[in-house]
1. Taking θ = phi - 60°, what integer Hz values does the Karplus form 6.51 cos²θ - 1.76 cosθ + 1.60 yield along segment 375-388, in sequence order, with x for Gly and Pro?
2. Students often forget the sequence filter, so: which aspartates and glutamates lie under 14 Å Cα-Cα from Lys319 once same-chain residues fewer than 8 apart are removed?
3. How many percent of the accessible area of segment 83-129 is carbon or sulfur, using a 1.4 Å probe?
4. Specify the residue with the greatest mean-square fluctuation among Gln133, Gln152, Gln239, computed from a Gaussian network of the chain linking alpha-carbon atoms under 10 Å apart.
5. Rounded to the nearest angstrom and ordered from largest down, what semi-axes does the equivalent ellipsoid of segment 232-335 get from its C-alpha gyration tensor (root of 5λ)?
6. Let me know the charge dipole size of the chain about its Cα centre in debye, to the nearest 20, where only the beta-carbon of Lys, Arg (+1) and Asp, Glu (-1) is charged.
7. Once amide H atoms are placed 1.01 Å from N in the peptide plane, what residues at a sequence separation of 5 or more from Leu273, or on another chain, have their amide H within under 5 Å of its amide H?
8. Using label points projected 7 Å from each Cα along Cα→Cβ, tell me how many nm separate Asp323 and Thr351, to one decimal.
Amino acid sequence: MNSGSRIGRRKALGSAGALLLAVGLAACSSPSDSSSGSGSGGSGGGGEGLPDTVTLMAINGLTGPVAFAGTNAQKGYDLAVEQVEADGLLGDTTIEIEYKDSAASAQEAASFASQAITDQKYTAILGPSASAQSTAISPLVDQAGIPTVYVQSGSEGVVTGDYTFRLTPPAASYFDIAGDYVEAQGVKTASVLFNSGNPTLVQLGQDSVPALAEDHGFEVVSTAGVEATQQDFTTPTSQIAGDDPDAAFLMVQGPQYPVAITQLRQAGYDGVLVGMSAAGAGNLSSAGEDAAGFVWPTNFTADQEGESSQAFVDAYREKYGEDPNNYAAEAYDAVWFIARGLAEADSADRTALQEGLAAVAADGFSGAQGDITFDGNDARVPGVLVQWDGSREVPLSTDGS
């Protein structure tokens, strides 16, 4: 699946503060002390100026089980494209984003990445949401030296070298706020159910939750894995209900959440339920009141505080007539990150862009997710705890208030 998005290039701005967009909204800051050249055509080396056109390839699952992430990410990409154009950060240069649908296939994702590597018209890659696809791509892009910016893909083996970056903070990096919450609820025992086909969810289920237990004074009494596409959780939910722990941690794919939660409640379990960010993006809507009270930590929610976050939310609502989710916010930040890197490098050369991105990462910036810092090439944010109230997600303090 291919489509195009373009960013107009006008005079680059050097301010480190929030920029006033043509749509009248405050946007994120531009890289400080950057300037844009007047180069035209080609992908010349650093300092030669940006060409007329910079082409990115976006590889993501736009169909299949992770399509909810890929399609929402595309909305974030498109909004950022419009805002960078309105801002004028890149002067007269246009950026074209070509969208490729990798569905659920790591092999297809690697094939698209290989195409981007060999075709010099591609300056960078916007990487997949699924860890299994991203870990297949990262060794290729790092060896070839093409900057690749991922969203989601929270497992190890994604950020592997100088050319791989991730704009979604790994869930494990802010998951401790869930520990603060369950401790405040008086949780002493917990069960864990995780998707064994997703590296991020395996890490959360087998490593992060046990670490929380040690740090926050509760015991994990049972752990069970389920298949990647499983939609019947009768056996594991019956076991959890029988064990009757104070809390159940559900580390599953987004579409699996409503079924798992509903079957847990039908089995008679009424304890604390904790998940992760895949529970967002409207995935709990079909569970309705059965999921009321379900809590998860996330890197973004539409109601979080912060000027740059709310500027993004306002612009997204105006464009799409709905609230953004974390997938859209991360993708929006990824495009702005690349735009800043291009302005910093004043070149579309792959090596120059990598250096520009590294410079932007060293300083951090304010985006849809709030104040973003980096651990190397890996983004970090404080995280937000949210709760499903039966119809929507709302921010929640770690003590449950």
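1. Taking θ as phi minus 60°, the curve returns 9, x, 9, 10, 5, 9, 9, x, x, 9, 8, 10, 9, 7 Hz for segment 375-388.
2. Once the sequence-local aspartates and glutamates are set aside, what remains near Lys319 is Asp78, Glu82.
3. Values: 640 of 1500 Å².
The value for segment 83-129 is 43 percent carbon and sulfur by accessible area.
4. Judging by the Gaussian network model, the answer is Gln239.
5. Values: eigenvalues 201, 30, 25 Å².
Here the semi-axes work out to 32, 12, 11 Å.
6. On the way: 16 positive and 51 negative charges, 185 e Å.
So the dipole magnitude of the chain works out to roughly 880 debye.
7. Result for Leu273 returns Ala248, Val295.
8. 4.8 nm
The values are calculated or read from the model by the stated rules, or taken from the named source; none is laboratory data. These numbers were taken from a predicted model, which means no experiment stands behind them. Don't worry about glycine lacking a Cβ; one is built from the backbone with ideal geometry, like all the others, and counts go over all protein chains shown. Note: accessible area is taken over every heavy atom of the protein model, side chains too, but ligands, DNA and RNA are not part of it. Shrake-Rupley method; radii C 1.70, N 1.55, O 1.52, S 1.80 Å.
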